[in-house]
Amino acid sequence: MLAITNTTSAWLLIAASGLLEIAFSVSMKLSDGYTKLVPSLISIGTAILSVWLMSLTLKVIPVGTAYAVWAGIGAAGTAVVGMVLFQEPAVLARICCIGLVIAGIVGLQLLAPA
């Protein structure tokens, strides 16, 4: 079992797990309701790996902060990927809201106990 003992490693793992959260969301869409095998397996695998990596950080970073940053990376990243790959609306208000999520992620990281 991996043991995370410093905040730098924990933040890197949260970032990686957030990126996996994006991969999970995109592959879930591509799975077409879990009817396509390969995207379905990728979706399930990235979801499990994402949660597991995030869980490793909880001995170092408070759960509320870790979860909010992890979910924020996943939400903001998935929204951007949706706009780029799936032609979802990229209106100014939506982009501003994504910016607010990112500002919140940065704020939580900066305010986390050392």
Simple label model, 7 Å out from Cα along Cβ direction - A71 to N6, nm:
3.0 nm
Per DSSP helix of 4 or more residues, -39500 (n - 2.57); summed, then divided by the residues of the chain. What does that give at 222 nm, rounded to the nearest 500?
-26500 deg cm²/dmol
Output ³J(HN,Hα) for region 87-103: one whole-Hz value per residue in order, computed from phi by the Karplus curve 6.51 cos²θ - 1.76 cosθ + 1.60 with θ = phi - 60°, and x for Gly and Pro.
6, 6, x, 10, 7, 4, 4, 5, 5, 4, 5, 4, x, 5, 4, 5, 4
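Extension gain K59-A16, at 0.36 nm per residue separation less the Cα-Cα distance, in nm? Provide the component values of the computation, followed by the final result.
Numbers: separation 43, 0.36 × 43 = 15.48 nm, distance 1.70 nm.
Extra length from K59 to A16 when fully extended: 13.8 nm.
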Normalised by the number of residues in the chain, what is the relative contact order in percent for Cα pairs under 8 Å and 6+ residues apart?
31 percent
Report which label in (i) 41, 37, 17; (ii) 57, 31, 18; (iii) 44, 43, 30 holds the value of Cα extents along the principal axes in Å derived from the coordinates of this structure.
(i)
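A short reminder: the numbers here are calculations on the coordinates, not readings from a lab. In this text the structure is predicted, and so the values were computed from the model without any measurement. Heads up, the Cβs are rebuilt from the backbone with ideal geometry, glycines too, and the neighbour counts pull from every protein chain shown.
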